[in-house]
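S.K.: Here it is, the structure, as structure tokens.
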Amino acid sequence: MTEPWLHIHPEFKLNEKAFALEDLILLAEALQLEGDKEEKEISEFLLEWLYPKNTLLMNTSGSTGSPKTIVLEKEKMIASAKATGAFFDLPAGTDALLCLSVNYIAGKMMLVRAMMHGWHLDIVSPNKQPLLQTIKSYDFAAMVPMQVQHSLKELHRVKKIIVGGAPVSAVLEKQLQEVPSKVFATYGMTETITHVAIRKLNNKTETEIKIKAYEALPGVTFEVDSRNCLVIHAPAISKKKINTNDVVVLLSKTQFQWLGRADFVINSGGHKVYPEQVEQVLALVIDVPYFISSIPDKSLGEKVILIIEGNKDAFPEIEYLGLHPYEKPKEIYFVKSFSYTTTGKINREETKKKIATLEGF
């Protein structure tokens, strides 16, 4: 019996050209020899995917620690692809846009979904304005928040958009209310083969506006551990439960509110401060890169600080409206340039080291 990942849907197209299995292998081999950097990355994944081996190696993003390599089963990736296609009603012939790097799971899964479902997939460079590289309209695309932010005027050309890789700011969510496309925030990671839960960002009911909860995809359930961190049960993807470092409020077995990473929680004077929640509020008044962190304090144990990328002289005074007194930053530090991960997220620890070197804490 032929391996399921070698069954390329007959409707599958790549950049408007149909590809059967043999044609796809020839394309990947040609790109290995003659393609540019991005084309070679795509060819490397295609050749690995189309190889008879039933697993492949995947690198995690390293957002909160050192990147690591994990092993994923191709059949589990197919199950994830089928779940996305069914949940968002994306049948054969769906016009989809791949504008993410295939070095990471989100980009790889767009290719897998297209091959398995028979989508017509266009590939563009994964820069911050992907829709400026094409004049077509699409049924589906996956983006990171930075791409969405820089594509607001063009988003109407995509009917359904999933957004992942980083939290969506309160400002961006507000801007999306004027967009006719259906836009969803996703929750997931490499270990879950992209998203296992989604949250509507626009076209919401009054209840959805109030609760801001993530809903599980079919077949996925949740619980929390002793730290109130999310535990994922997704039998189609993993035989074992998946433990996370994400602190949540569990509303039901299929619904949760995300508070932030346990790695980042600040205990200030006996109060738990979730940096990501404070950052959501500050997004209304700060329009440059920034994040919330902490430094040791004799009285509070830890005190909340705000770190901003830029020059102090060019930055106005900040009003901390909407924050509880223990959430308000006690100090502000400015860094000329932040450190970033390979996926474009702020590397908080490395950036904080730059300040520590200068300030001596």
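The values are calculated or read from the model by the stated rules, or taken from the named source; none is laboratory data. For clarity, every value in this text was computed on a predicted model and none was experimentally measured. Every residue, glycine among them, receives a Cβ derived from its backbone with ideal geometry; neighbour counts consider all protein chains shown.
S.K.: On the given criteria, is A141 aliphatic (A, V, I, L, M) and part of a helix (DSSP H, G or I)?
M.R.: Working: aliphatic (A, V, I, L, M): yes; part of a helix (DSSP H, G or I): no.
No; evaluated as a whole, the condition is false for this residue.
S.K.: Which strands (runs of 3 or more DSSP E) sit wholly inside the stretch 33-138 and have at least 2 residues that are under 30 Å from E350 (Cβ atoms) and touching a residue at least 60 places away in the same chain (Cβ under 8 Å)? Even if it seems obvious, please write down each step before you answer.
M.R.: On the way: elements: 55-59, 69-73, 95-98, 120-123.
So the answer is 55-59, 69-73.
S.K.: Still on this structure, I have one more. Of all residues in the stretch 246-276, which are in contact (Cβ under 8 Å) with a residue 40 or more places away in the chain and surrounded by fewer than 16 Cβ atoms within 10 Å (Cβ to Cβ)?
M.R.: Once the filter is applied, which keeps residues that are in contact (Cβ under 8 Å) with a residue 40 or more places away in the chain and surrounded by fewer than 16 Cβ atoms within 10 Å (Cβ to Cβ), the stretch 246-276 yields L251, Q257, D263, G269, H271.
S.K.: Quick one: is K160 in contact with a Phe, Trp or Tyr (Cβ under 8 Å, 6 or more places away or on another chain) and surrounded by fewer than 19 Cβ atoms within 10 Å (Cβ to Cβ)? If you could, list the steps in order and put the result at the bottom.
M.R.: On the way: in contact with a Phe, Trp or Tyr (Cβ under 8 Å, 6 or more places away or on another chain): yes; surrounded by fewer than 19 Cβ atoms within 10 Å (Cβ to Cβ): yes.
Judged against the criteria, K160 is a match.
S.K.: Given the criteria free of Cβ contacts under 8 Å to residues at least 24 places away in the same chain and surrounded by 16 or more Cβ atoms within 10 Å (Cβ to Cβ), does F12 qualify? Talk me through it step by step, then tell me what you get.
M.R.: Working: free of Cβ contacts under 8 Å to residues at least 24 places away in the same chain: no; surrounded by 16 or more Cβ atoms within 10 Å (Cβ to Cβ): yes.
In short, no.
S.K.: Out of the residues in the stretch 163-183 meeting the condition of being surrounded by fewer than 22 Cβ atoms within 10 Å (Cβ to Cβ) and within 17 Å of L90 (Cα to Cα), tell me which one is nearest to the chain's Cα centre (by Cα).
M.R.: Residue satisfying both the conditions and the ranking: K182.
S.K.: For the stretch 153-170, how many residues are aliphatic (A, V, I, L, M) and either touching an Asp or Glu at 6+ places or on another chain (Cβ under 8 Å) or not assigned by TED's automatic domain parsing to the domain that holds M109 (or both)?
M.R.: Step one: of the stretch 153-170, the residues aliphatic (A, V, I, L, M) are 155, 158, 161-163, 166, 168, 170.
Next, only the ones that are either touching an Asp or Glu at 6+ places or on another chain (Cβ under 8 Å) or not assigned by TED's automatic domain parsing to the domain that holds M109 (or both) stay: 158.
Adding up the residues that qualify gives 1.
Each row is one residue, and each column tells you yes or no for (1) surrounded by fewer than 17 Cβ atoms within 10 Å (Cβ to Cβ); (2) in contact (Cβ under 8 Å) with a residue 12 or more places away in the chain; (3) under 22 Å from the mean Cα position of the chain (by Cα).
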{"residue": "A234", "(1), (2), (3)": "no, yes, yes"}
{"residue": "E279", "(1), (2), (3)": "no, yes, yes"}
{"residue": "V285", "(1), (2), (3)": "yes, yes, no"}
{"residue": "K298", "(1), (2), (3)": "yes, no, no"}
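S.K.: Follow-up question, since we're still on this one. Quick one: which of I308, I346, I318 is at pLDDT 90 or above and assigned by TED's automatic domain parsing to the domain that holds K272? Working first, answer last.
M.R.: Numbers: I346 fails: at pLDDT 90 or above; I318 fails: at pLDDT 90 or above.
Just one listed residue meets the conditions, I308.
S.K.: Just a yes or no: is a residue in the stretch 73-82 over 20 Å from L21 (Cβ atoms), in contact with a His (Cβ under 9 Å, 6 or more places away or on another chain) and not assigned by TED's automatic domain parsing to the domain that holds S339?
M.R.: Among the residues of the stretch 73-82, at least one is over 20 Å from L21 (Cβ atoms), in contact with a His (Cβ under 9 Å, 6 or more places away or on another chain) and not assigned by TED's automatic domain parsing to the domain that holds S339, which makes the answer yes.
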